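Everything below concerns the one structure shown next.
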Amino acid sequence: MDKRARVYEDFQPTMEWKKEAESDVLHVRLPGFKKDHIRVQLAGSKTLTISGEHPLRDNRWIRFQKEFNLAENCRTRGIQARFAAEVLTIVMPKTVAPAHPEPEVEPKPDIQADDKGMKENGRLIDANNVGQKASEKKEEEKGDDKFVDARKASDEEKEEEQEKEAINGEARTLDGATENVITGAGGRVMGLCESRILNMVAAVMAVMAFVVYLISKLGSSGKPEAEN
């Protein structure tokens, strides 16, 4: 066993920091080192120490040691270290406070008029489309008015039909009375005609009876009296 004292040579490794929102990452290049040659220690709560040594030849050794102050928002319990391909990677996570989003203020539309139409936030709005929308809105209002007018017209038609039915009922009543009057008058006329005919027949028969009487009277007066 070699009992001679070791001779150390200090080594300055190449380091590369990578700052991220959720963590700080440190890459340390250690050529010739193995995992067993390296130590990662947390001194206190805000200091990180990495160190290592390995033999060269004879009694010569190479070594390094680095200390880093951790960030104020570093979560020390979440620190992770790994060694691969002669590169030591240390991940130091941070405590990220939740961001309070500011309320969004909707910008007011910037409407400008030109020859072809209007511009809203730089976008051309066709004036014809605007007029068409206004016309459609007026048509809808007119449609509502027409619906109300139709209901009024329907009610008025119902009232007119009821009035016509009442008038027709009165007319039918009047027509019935007229028929009765005409029938009664016809009966009286027919009665008068029959009476006149009977009187005429009686007169003719009286004249005929008178004529027969005269004829018989004249016949009896013209015969010669029988000789005694």
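The values are calculated or read from the model by the stated rules, or taken from the named source; none is laboratory data. Just so it is clear, the structure is predicted and the values come from calculations on it, not from any experiment. In this analysis, Cβ positions are derived from the backbone assuming ideal geometry, glycine residues included, and neighbour counts consider all displayed protein chains.
Some points to look at:
- Looking across segment 28-58, the residues that are loosely packed, with under 13 Cβ neighbours inside 10 Å, at negative phi and modelled with pLDDT under 90 come down to Ala43, Ser45, Arg57.
- Scanning segment 34-50 for residues that are in a strand (DSSP E or B) and touching a residue at least 24 places away in the same chain (Cβ under 8 Å) yields Ile38, Val40, Leu42, Ala43, Leu48, Ile50.
- If only residues of segment 67-88 that are of a type in the set (S, T, N, Q) and in a strand (DSSP E or B) are counted, the one that is surrounded by the fewest Cβ atoms within 10 Å (Cβ to Cβ) is Asn69.
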